Amino acid sequence: MAFTPIAAMIRKDLQLFFSDRRAVIMSFAVPIAIASFFGSIFSGPSRNAEPARIAVAIVDQDLSAISRGIVAGAQTDRNLKIDLPAEPEARDAVRRGKTVAAVIIPKGFGDAAGRAFFSNAEKPPLGIVHDPSHAMELAMVRGVMTEHVMQAVSKEMFSGDQGRALVDEALPRVQSSAMPDDRKRLLVEMLGSVQRFYDQPNGRRGANGGRGLTMPYTVREEAMTAGSNIAYNGYAHSFGGMAIQFLLFAMANLGIEMLLERQKGLWKRLRSAPVSRVTLLAGKAASGTLISLLTLWVSFAFAMIVFKVRIEGSVLGFVGISIGVAMMAASFGLLVAALGNTPASARGVTTFAILIMVMLGGAWVPAFVFPQWLQQFTMIVPVRWAVDGFDAMTWRGIGLAGAIAPIAVLLAFAAAFMAIAAARFKWEEA
């Protein structure tokens with residue numbers, strides 16, 4: 001019997017929603033615009049695109065064969081964009097944020113590195129002046145420069161003039177040293193072998209492109225997506241996350257509007273109709289769920305048409321997660337209406353709560369970038385289950401089994417929010 005009042009309330013809420021065309025357009029356009037922006041950031045380059053190069057300045061104060069080899073190797077690296085300024089200009093570029101790091105090769109570096117290569121001599125420092133806000137890029141620069149330094153030093157030591165000179169210098173010093181005889185004999189034999197290598201016609205190949213020590217392996221990367229020929233589409237994640245965020249904001253606004261209706265005495269008039277508490281909450285929950293579903297599916301439809309997002313997993317699972325998300329968002333709006341004392345106080349607290357849920361749920365950035373303890377904590381946040389569920393149904397390509405847990409958790413949150421809202425519901429403002 002209560003179906004007729006519920007249907008009337010749903011019809012009224014939908015008419016109010018569609019009557020304001022500007023608000024309708026904004027409810028669709030804003031999440032689409034922001035999701036498109038985040039998607040363009042986190043999608044990464046395509047398979048054939050050049051990677052984004054890290055801006056690095058190199059200051060060569062040594063001007064030795066080794067330092068020139070380091071610079072030449074870095075200039076050919078596809079991950080780095082190399083500039084060769086003087087030290088003051090390099091430091092200023094890092095300070096202004098125009099360059100991620102400046103590598104300073106000090107005077108005498110090549111000679112000292114060569115000596116340390118064949119002995120326990122003190123290792124020379126390689127200075128790196130860096131922008132502290134680019135910690136991830138700094139780690140990559142450090143690794144890339146290690147490779148080029150090792151290759152340049154080993155090349156010069158085994159096939160260059162500097163290497164021959166250091167071996168000729170080191171051999172008599174080792175022979176006259178006080179080290180144990182067995183170690184001395186082995187080291188003399190090694191240096192003698194290197195010396196004989198230099199005496200061979202093809203031994204000194206520094207001018208002919210001889211190579212130093214290089215990585216003894218190559219990396220074959222395979223992205224685990226829905227299939228071997230299916231590339232990762234970051235827009236799938238961004239549209240899921242941003243749509244969930246704006247659903248929560250929209251439904252929270254619905255709850256605040258209910259508080260305004262209570263302030264105006266509308267709920268008292270509904271109560272005299274008579275309309276029960278369950279009928280009022282059920283009607284609001286149903287209309288909120290329908291509006292949320294419409295907003296969610298319009299956003300994903302745009303992503304599918306424009307950015308080629310595909311449901312690589314289960315369509316049924318995608319629909320189930322969408323319904324779970326919509327019901328959770330709608331019941332969250334009712335929770336706001338039930339717990340809020342006034343519209344003003346509810347608005348501030350609700351905005352904070354939504355931002356925390358969205359941030360911890362991985363809607364802005366994937367949750368794997370969080371510390372391990374925080375990743376475990378986010379499992380109690382409904383947004384985390386919603387985002388992971390949409391990821392599973394789109395680019396991960398997981399079947400219906402991957403949707404069961406997210407759907408169950410989202411429906412459990414919706415039921416909990418509804419139960420609290422029904423228990424704390426007040427017809428009149430305190």
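The values are calculated or read from the model by the stated rules, or taken from the named source; none is laboratory data. Quantities reported herein were computed from a predicted structural model and do not represent experimental measurements. Note that each Cβ is placed from the backbone with ideal geometry, even for glycine, and that neighbours are counted across all protein chains shown. For the accessible areas, the whole protein counts, side chains as well, though only heavy atoms, and no ligand, DNA or RNA atoms are used. Shrake-Rupley method; radii C 1.70, N 1.55, O 1.52, S 1.80 Å.
Among the listed residues Gly241, Gly283, Gly255, Gly234, which satisfies the condition of being modelled with pLDDT of 85 or more and either of a type in the set (S, T, N, Q) or touching a Ser or Thr at 6+ places or on another chain (Cβ under 6 Å) (or both)?
Numbers: Gly241 fails: either of a type in the set (S, T, N, Q) or touching a Ser or Thr at 6+ places or on another chain (Cβ under 6 Å) (or both); Gly283 fails: either of a type in the set (S, T, N, Q) or touching a Ser or Thr at 6+ places or on another chain (Cβ under 6 Å) (or both); Gly255 fails: either of a type in the set (S, T, N, Q) or touching a Ser or Thr at 6+ places or on another chain (Cβ under 6 Å) (or both).
None of the others qualify; the one that does is Gly234.
From Gly317, Gly313, Gly333, Gly324, grab the single residue that is open to solvent by 10 Å² or more (accessible area, probe 1.4 Å) and either among the acidic types (Asp, Glu) or more than 21 Å from the chain's Cα centre (by Cα) (or both).
So the residue among Gly317, Gly313, Gly333, Gly324 that is open to solvent by 10 Å² or more (accessible area, probe 1.4 Å) and either among the acidic types (Asp, Glu) or more than 21 Å from the chain's Cα centre (by Cα) (or both) is Gly313.
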Count, please, the residues in the range 347-364 that happen to be open to solvent by 10 Å² or more (accessible area, probe 1.4 Å) and in contact with a Gly (Cβ under 9 Å, 6 or more places away or on another chain). 4
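Restricting the search to the range 114-150, which residues are of a type in the set (D, E, K, R) and exposed (fewer than 15 other Cβ atoms within 10 Å of the Cβ)? Talk me through it step by step, then tell me what you get.
The first filter runs over the range 114-150 and keeps only residues of a type in the set (D, E, K, R), leaving 115, 122-123, 131, 137, 142, 147.
If the condition is that a residue be of a type in the set (D, E, K, R) and exposed (fewer than 15 other Cβ atoms within 10 Å of the Cβ), then Glu122, Lys123, Arg142 are the ones that fit.
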Restricting to the range 384-429, name every residue that is acidic (Asp, Glu), assigned to a helix (DSSP H, G or I) and open to solvent by 40 Å² or more (accessible area, probe 1.4 Å). Asp388
The residue from Ala207, Ala121 that alone is part of a helix (DSSP H, G or I), of a type in the set (A, V, I, L, M, F, W, C) and at pLDDT below 75 is Ala207
How many residues does the range 131-154 hold that are out of contact with any Leu (no Cβ under 8 Å at 6 or more places or on another chain), touching a residue at least 12 places away in the same chain (Cβ under 8 Å) and assigned to a helix (DSSP H, G or I)? 8
Lone unmet requirement of (1) over 21 Å from the mean Cα position of the chain (by Cα); (2) in contact (Cβ under 8 Å) with a residue 40 or more places away in the chain for Ala353: (2)
Kindly list the number of the only condition in (1) modelled with pLDDT of 90 or more; (2) outside any loop (DSSP other than H, G, I, E, B) that fails for Gly39. (1)
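So, Lys284, is that one over 19 Å from Ile407 (Cβ atoms) and open to solvent by 50 Å² or more (accessible area, probe 1.4 Å) or not?
Values: over 19 Å from Ile407 (Cβ atoms): yes; open to solvent by 50 Å² or more (accessible area, probe 1.4 Å): no.
So Lys284 fails the test.
Does Val381 satisfy the criteria of being in contact (Cβ under 8 Å) with a residue 60 or more places away in the chain, touching a helix residue (DSSP H, G or I) at 6+ places or on another chain (Cβ under 8 Å) and either aliphatic (A, V, I, L, M) or open to solvent by 20 Å² or more (accessible area, probe 1.4 Å) (or both)?
On the way: in contact (Cβ under 8 Å) with a residue 60 or more places away in the chain: no; touching a helix residue (DSSP H, G or I) at 6+ places or on another chain (Cβ under 8 Å): yes; either aliphatic (A, V, I, L, M) or open to solvent by 20 Å² or more (accessible area, probe 1.4 Å) (or both): yes.
So Val381 fails the test.
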